[in-house]
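Right, one structure below, let's go through it.
The values are calculated or read from the model by the stated rules, or taken from the named source; none is laboratory data. Since this is a predicted model, take the numbers as computed values, not measurements. Here the Cβ positions follow ideal geometry from the backbone for every residue, glycine too, while neighbour counts run over all protein chains shown.
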Amino acid sequence: MTLTKPGQAAGASVRTRLADVAGRLFGGGSPTVFALLVVVFVVIFVMNPSFAEPPSMMAFLKKAAPLVILAVGQYFVIVCGELDLSVGSLVGAQVVIAAALIDGEESRTVPVLFVMLAFGILVGLVNGLITTLLKVHSLITTLGMMLVLYGAIRLWTGGAPTGALSEAFRQPGRGGIDMPVVRQLPWSLVILFAVVVAAVVLMRGSYGRTLIATGDNEKTAMFSGARVWQVRTSAFVLSSVMASLAGVLIGGFAGVTAQVGQGLEFTAITAVVLGGVVLGGGRGTVVAAMAGALTIEALFTLFNQMALPSTIRPAVQGVIIIAAVAYAARERARPGPHTQTPPAPPEQNPDRDPAVT
Amino acid sequence: MRKTRVLLAAAATAALTLAACTTDEPTETAPEDDAPAEEGQEEEPEDSDDGDDPADDGESADEGDGEWFVRADYERQLEQRDIEPEGPADQPWLQAIDPEWVDTAEHAQDENRTLCFSNASVSNPWRVTGWITMQQQVDVYTDSGEIDDFRVSDAADDDNQQISDIQAFIDSGDCGALIVSPSTTATLTPAVEAACDSGIPVIVFDRGVNTDCMVTFIHPIGGYAYGADGAEFLAENLEPGSSVLALRILPGVDVLEHRWAAAQQIFADSDLEILGNEFTDGDGAQIKDIVTQYLQRGDVDGIWMDAGDGAVAAVEAFEDTGNDYPVMMGEDELSFMRKWEETGMTAIAPVYSNFQWRTPIEAAVNIWNGEEVPAEWVLPQEPITDADRGDFLERNDEMPSLHYAKFGGEDLPGYPEAWQDR
């Protein structure tokens with residue numbers, strides 16, 4: 001009987017260490033989303049083993065890449081305490097703009113890409129500056145931007161997109177490098193990989209810390225020298241640039257339809273929240289947000305494999321997501337060795353602030 | 001801590017609700033709002049004789065989704081495909097199938113030639129194309145003095161908005177005739193009846209309403225014929241035992257359900273295996289993803305679609321996974337027609353006649369001139385096949401890809417710029 005005790009202790013410490021490693025690997029984020037992702041994939045593999053073959057996985061990642069990139073952009077905005085509802089409309093606008101400007105001419109591809117980048121930055125700047133300088137809540141700012149973009153594109157095109165994308169424009173979203181095992185390594189996967197690396201590096205650096213600090217407590221961040229309005233504005237710009245990139249991939253993947261981009265903002269926000277990132281800011285990792293996006297795409301695939309009636313899918317998806325987020329919230333609330341201690345509230349040291357004294 | 005959790009839960013719920021709403025949003029994604037939901041109702045007594053079908057037909061009807069299937073309508077639409085329409089062959093928008101002419105002398109007048117139009121929306125390329133054609137037709141008659149003024153309200157797919165739009169037209173007392181393209185059937189019926197009661201001639205086109213108080217109801221043959229055109233083509237061109245994937249826009253819209261109901265009838269009598277029917281919202285990315293997943297699981301020999309939106313994305317899924325082209329049902333939308341010619345695949349483009357947008361204007365002028373119009377103006381609806389594909393592509397060479405080949409506006413003065421610079 002007594003022998004089991006040390007064993008239990010050892011088991012517990014191993015688990016603690018594993019959790020530590022996992023925690024460090026995923027930047028201390030909630031493990032729920034990763035567990036869910038694994039479960040969904042296991043079910044898919046059991047139902048359809050051929051999905052585990054490399055070409056099928058590549059097709060999955062190719063489809064998922066735009067949403068993951070959108071989730072990265074949305075993460076920047078959410079973690080600093082804001083929301084960006086304009087990304088879906090921006091994706092649609094960018095694809096329609098690209099089709100109208102390129103109009104099938106290969107030579108216009110690169111200039112139009114720059115126009116799209118500039119337009120993305122402009123939209124992000126407007127979102128950011130109105131939110132930070134005019135102090136309009138980002139929900140309203142970006143809701144307004146969503147409608148403005150939607151309406152402006154309708155007005156400009158008369159309700160239906162015109163023009164055509166060039167073959168070169170479609171390559172990033174559609175093409176890839178032909179390879180033996182995977183059949184084709186999609187360009188979108190290469191782009192996605194670059195975005196993932198850049199996002200992780202960015203969030204590890206001082207910019208990332210400032211971004212999280214701003215979302216966690218605006219005043220503390222301000223008192224410790226961060227220019228909050230600049231940080232937040234830059235987050236909006238990053239989000240819009242990511243949306244533009246997602247637009248390039250989505251337009252490339254499926255071409256121009258009138259519906260492109262519709263509803264993507266909520267899918268992206270759902271992905272980020274599912275990744276354990278707290279709406280209101282200050283908590284959550286970019287890797288978990290990306291895992292959230294992959295999980296949502298995997299759920300779509302799972303429903304398809306199960307031949308679930310389309311009509312019931314949104315309901316099932318909603319239940320799974322609420323359950324996952326609620327479970328993660330419960331984990332977080334429970335006191336324990338791995339609960340993140342909230343950063344010191346500003347009241348602790350007001351005397352040190354020169355502005356107050 | 002608790003506050004954060006409450007906030008989080010609330011925000012997550014809000015986000016999800018909104019996400020769910022956007023996924024489900026029906027009207028805006030509907031590609032074409034076509035359809036003569038009510039056309040059969042007045043004729044039921046005569047048609048019921050045809051109900052004595054052979055036994056096997058009766059069985060296949062049971063296999064279909066009964067909620068959306070009216071056998072009499074289905075059979076009449078299939079018959080109408082073979083009836084030679086009356087009217088000039090080179091002006092299909094003036095043709096009518098089995099017309100029952102009504103006298104309009106009571107509405108003949110010259111004093112008030114203000115034409116009013118209550119439009120459901122211009123929320124998809126099919127409606128945009130038709131709307132341009134209609135405006136061009138109006139211009140012709142404004143120049144010739146047959147129409148003095150053209151007033152339009154757009155309800156943006158909102159029933160309540162359209163009801164008040166129609167009421168506003170009635171109250172203004174300015175309209176010499178009223179054209180209505182209803183947003184939905186049942187909800188708009190009282191508004192159309194109110195317009196009839198006000199004494200002005202009413203013209204309804206595209207989707208129907210549950211009344212026959214209007215002077216004329218204009219529509220192409222209908223959804224059953226559309227769905228059957230594609231399904232019959234697949235059944236003829238595929239080996240027995242081949243597998244077909246059905247791609248649909250969204251459930252619960254009568255006009256789209258009729259297309260699918262007709263296809264189910266045809267497929268039930270064939271030896272084709274239906275792999276599944278999937279809802280796509282008409283979104284290219286979703287279509288491509290779904291088709292790719294079916295191809296990962298096994299062969300897909302044919303694709304049936306309830307509307308051509310995103311047909312090209314479906315074809316690309318076959319290209320990108322290295323599979324042979326399927327036997328394909330698309331639509332007369334140019335992006336698909338061009339892909340069809342480029343690849344040379346076996347395909348058909350059913351048509352939901354876009355030229356019907358010209359007819360209400362012609363009808364209004366006829367009515368004011370006291371000329372007879374058909375009570376139910378059934379326009380021809382003929383699919384584009386391999387044989388006339390080249391001809392239609394040549395005619396629409398300069399047109400954008402989300403344009404519809406059978407838009408029927410080539411002889412209008414604004415052609416082709418008006419449709420190019422939309």
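Key figures for this structure:
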item: Filter result for B:G241 (on the phi > 0 side of the Ramachandran plot, assigned to a loop (DSSP other than H, G, I, E, B) and within 13 Å of chain A (Cβ to nearest Cβ)); result: no
item: Some residue of the stretch B:216-230 being buried (at least 24 other Cβ atoms within 10 Å of the Cβ), modelled with pLDDT of 95 or more and more than 30 Å from B:Q264 (Cα to Cα); result: yes
item: Hey, A:L211 closer than 20 Å to B:T321 by Cβ and of a type in the set (A, V, I, L, M, F, W, C) or not; result: no
item: Hey, B:D299 more than 21 Å from the chain's Cα centre (by Cα), modelled with pLDDT under 95 and not in a helix (DSSP H, G or I) or not; result: yes
item: Pick from the stretch B:252-294, criterion of a type in the set (D, E, K, R) and in contact with a helix residue (DSSP H, G or I) (Cβ under 6 Å, 6 or more places away or on another chain), ranking: farthest from the other protein chains (Cβ to nearest Cβ); result: B:D269
item: Residue within the stretch A:263-270 that is closer than 17 Å to A:G73 by Cβ, in contact with a Pro (Cβ under 9 Å, 6 or more places away or on another chain) and within 14 Å of chain B (Cβ to nearest Cβ) present; result: yes
item: Looking only at the stretch B:268-289, and only at residues there that are surrounded by fewer than 24 Cβ atoms within 10 Å (Cβ to Cβ) and part of a helix (DSSP H, G or I), the one that is modelled with the lowest pLDDT; result: B:Q286
item: Pair list, Cβ < 7 Å and 6+ apart or interchain, from the stretch A:150-164 residues that are more than 9 Å from chain B (Cβ to nearest Cβ) and closer than 11 Å to A:A99 by Cα to residues that are in a helix (DSSP H, G or I) and of a type in the set (A, V, I, L, M, F, W, C); result: none
item: Residue within the stretch A:178-199 that is surrounded by 15 or more Cβ atoms within 10 Å (Cβ to Cβ), within 11 Å of another protein chain (Cβ to nearest Cβ) and out of contact with any strand residue (DSSP E or B) (no Cβ under 8 Å at 6 or more places or on another chain) present; result: yes
item: B:L247 being buried (at least 24 other Cβ atoms within 10 Å of the Cβ), under 30 Å from A:I250 (Cα atoms) and aliphatic (A, V, I, L, M); result: yes
item: Matching residues in the stretch A:224-266 - criterion: being in contact with an Asp or Glu (Cβ under 9 Å, 6 or more places away or on another chain), surrounded by fewer than 24 Cβ atoms within 10 Å (Cβ to Cβ) and assigned to a helix (DSSP H, G or I); result: A:V228
item: Any hit, the stretch B:156-176, residues being closer than 25 Å to B:G370 by Cα, part of a strand (DSSP E or B) and not basic (K, R); result: no
item: Looking only at the stretch B:306-325, and only at residues there that are facing another protein chain (nearest Cβ under 7 Å) and under 26 Å from B:A262 (Cα atoms), the one that is surrounded by the fewest Cβ atoms within 10 Å (Cβ to Cβ); result: B:V312
item: Test: residue in the stretch B:108-129 that is away from every other protein chain (no Cβ under 14 Å), surrounded by fewer than 17 Cβ atoms within 10 Å (Cβ to Cβ) and among the charged types (D, E, K, R); result: yes
item: Index of the failed condition, A:R283 passing every other in (1) surrounded by fewer than 24 Cβ atoms within 10 Å (Cβ to Cβ); (2) assigned to a helix (DSSP H, G or I); result: (2)
item: Every residue from the stretch B:216-238 that is within 30 Å of B:W101 (Cβ to Cβ), in contact with a strand residue (DSSP E or B) (Cβ under 8 Å, 6 or more places away or on another chain) and assigned to a loop (DSSP other than H, G, I, E, B); result: B:I221
item: B:S335, sole failed condition from (1) within 11 Å of another protein chain (Cβ to nearest Cβ); (2) more than 27 Å from the chain's Cα centre (by Cα); (3) not aliphatic (A, V, I, L, M); result: (2)
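Every residue, every condition in (1) in contact (Cβ under 8 Å) with a residue 40 or more places away in the chain; (2) under 18 Å from B:Q137 (Cβ atoms); (3) not in a loop (DSSP other than H, G, I, E, B), yes or no:
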residue: B:W377; (1), (2), (3): yes, yes, yes
residue: B:A387; (1), (2), (3): no, no, yes
residue: B:F392; (1), (2), (3): yes, no, yes
residue: B:E398; (1), (2), (3): no, no, no
residue: B:S401; (1), (2), (3): yes, no, no
residue: B:K406; (1), (2), (3): yes, yes, no
residue: B:G409; (1), (2), (3): yes, yes, no
residue: B:L412; (1), (2), (3): yes, yes, no
residue: B:A418; (1), (2), (3): yes, yes, yes
